[in-house]
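Heads up, the thing below is written out as structure tokens.
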Amino acid sequence: MAVHAYVADTGKYPHGTDAGLGSWLPSSGQIDPTWRGYWSDILSPYVGLNSYWGSQTSPIFDSPAKLVKTQKVERAFVPNPNIVQDTQWGNGEVIPAARVQRPLETVLLGDGVQDPEEGWVHWGAWDHPDIYDGNPANADDKISETDNTDDGSAKFRFRYNNKGHFLFCDGHVELIENGKLRKRNFAIDY
């Protein structure tokens, strides 16, 4: 609901990570006041928080099914990087909602792979196989099945008997088996 409220307010999807006019300061671990943050930080006001990075956290970004438990709330979900793009460290752009032509079949977020020791989940699934194929001729090709382990890389995790939860751009959620997603579920430009 937070994503859809944000899209209704702005007409666009949140970016994956963006420093805006400032930046995250790794040396001090502090956020510059002009930081616009990760997608979860941008959505924080829509779940009643001032900032994802502040002293408050929300279980809305967590998953009770994650295998590596963490002491604090962490993002347990990763976005489709074709929609929620990296505008700080990549060449991404902010995607207008109208650009997603097939919201009923386009994945927005899914369960994410965790770091096996610290439990963190990356913000995007950029190295998940096959998700950047925007060729309409390949739309019905399956996304490669993954090893489905918590290894710290940024891809989708299938925690429920080799199935994972996926939120689609129209707002519905599906439990999908590893290897059953199609390229059409990630492409936005056809």
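Taken together, the values in this text are just the output of simple stated rules run on the coordinates, not laboratory data. None of these values were measured; they are calculated from a predicted model. For neighbour counting, all protein chains shown are included, and Cβ atoms are generated from backbone atoms with ideal geometry for every residue, glycine included.
Results, tabulated for the structure shown:
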item	result
Placed amide H near G112: partners under 5 Å, 5+ positions off or other chain	F77, V78, R157
Rounded to whole Hz, the Karplus (6.51, -1.76, 1.60) HN-Hα couplings of the range 62-68, x for glycine and proline	9, 9, x, 8, 5, 7, 9
Extension reserve of the R102-D9 stretch, reckoned as 0.36 nm per residue once the Cα distance is removed	31.5 nm
Least to most buried among Y6, Y132 (fewest other Cβ within 10 Å first)	Y132, Y6
Entries of K66/K163; K66/K180; K142/K163 with Cα pairs more than 18 Å apart	K66/K180
Whole-number Å³ per residue for the convex hull built on Cα positions in the range 117-190	98
For the range 110-118, Karplus couplings with θ = phi - 60° (6.51, -1.76, 1.60), whole Hz, Gly/Pro x	x, 4, x, 5, 9, 5, x, 9, 9
For G179, residues with placed amide H under 5 Å, excluding near neighbours	T146
Label point distance in nm, N161-S144, each placed 7 Å from Cα along Cα→Cβ	2.8
Ranking of K142, K155 by count of other Cβ atoms within 10 Å, fewest first	K142, K155
Spatially proximal lysines relative to K69 (Cα-Cα < 19 Å; intrachain offsets below 8 disregarded)	K155
Neighbour-count ranking [beta-carbon atoms within 10 angstrom, fewest first] of R157, R182	R182, R157
³J(HN,Hα) computed for each position of the range 100-106 - Karplus, 6.51 cos²θ - 1.76 cosθ + 1.60, integer Hz, glycine/proline x	7, 6, 10, x, 5, 10, 9
